[in-house]
1. Quick one: of 156/185; 91/125; 152/201, which pairs are farther than 25 Å apart, Cα to Cα?
2. Order these peptides, 34-42, 171-179, by their mean beta-carbon neighbour count within 10 angstrom, highest first.
3. Taking the alpha-carbon set of the range 95-196, what are its Rg and Dmax in Å?
4. If you roll a 1.4 Å probe over the heavy atoms of the protein chains, what accessible area per residue do you get for the range 24-177, in Å²?
5. Order these peptides, 129-137, 109-117, by their mean beta-carbon neighbour count within 10 angstrom, highest first.
6. Ignoring everything but the protein chains, give the 1.4 Å probe accessible area of residue 65 in square angstrom, nearest 10.
7. In whole percent, how big is the carbon plus sulfur part of the accessible area of the range 36-113, probe 1.4 Å, protein atoms only?
8. Please compute the modelled spin-label separation between residue 199 and residue 77, points set 7 Å along Cα→Cβ, answer in nm with one decimal.
Amino acid sequence: MSRGVPIAILVMALCLPQPAAAAPIAVRFVEGVSHGFLTLRTADAKQIASGDLLQVVRGGEVESRMLFRFRDGSVLDETVVFTQRRVFAMKSYRLLQTGPVFAEDTEISLERSSGKYRVKTTARKDAREDVVEGTLELPADTYNGMVLTVAKNLPKGASETIHVVAFTPAARIVPVELAPAGEHKVLVGELAKTATRYVFKAKPGPWLKFFATVLGRMPPDSHAWILTEEVPAFVRFEGPLHPAGAVWRIELTSPRWPD
């Protein structure tokens, strides 16, 4: 699993000053071609969507796409393209959210080379469209759609601060701390394994107070569980996946024969 969950971090930002220069994350484990199967659940374990993780390598670039189809017909479709030559570098990011599970339909695009972004929203009530466009100076460690990939590549016990672009809908660059927070036993079949829990926390800033005022609560942290044995593996993610959204859970699943 090489996602990030970036969408979860996108919900947590509003007004931050431009960040200082930051170093990109070193590649310890190279990403390759894969097709994973995902399930999306509420915090109380009710399944609300099924999904795919589709990853291919073309011309030295990795394209990783996470696609969820909800039971009510809603769709969440996130794609990130990145390189992994000694360090990870995001090249482009796309996010599509449509359907009644979201407050409004949203299309987001972000290009690394130019720093250009575009956000198009369509109101659910009257289909009114709004477009916000602009340009950002992106730090080298900007990792929309790659937070889990980065976490898998951290040395055991290490913490790191990266950046993501949050769209509100205007774009803001937000520093996010990735820190280990203990180990947990998990079962793979009948085999016991140890997973490290990572906490993804947006660093304090003026946006935090504003967000808490708007929502009436502090934005929750996101959490990911990763097996940190010889080869790291994603186990679970918990956090909000859209603005003002509830905490949802992403887990791997396996194909099964129909009854």
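1. Checking Cα-Cα distances, 91/125 exceed 25 Å.
2. 171-179, 34-42
3. In Å, with Rg to one decimal and Dmax whole: 18.2, 53.
4. On a per-residue basis, 45 Å².
5. The peptides rank, most packed first, as 109-117, 129-137.
6. The value for residue 65 is about 80 Å².
7. Here it works out to 48 percent.
8. Using points 7 Å along Cα→Cβ, the separation is 3.7 nm.
The values are calculated or read from the model by the stated rules, or taken from the named source; none is laboratory data. Not measured: the values here are computed from a predicted model. With ideal geometry, Cβ positions are generated from the backbone for all residues, glycine too; neighbour counts draw on all protein chains shown. Note: areas computed on protein heavy atoms with side chains; ligands, DNA, RNA excluded. Shrake-Rupley method; radii C 1.70, N 1.55, O 1.52, S 1.80 Å.
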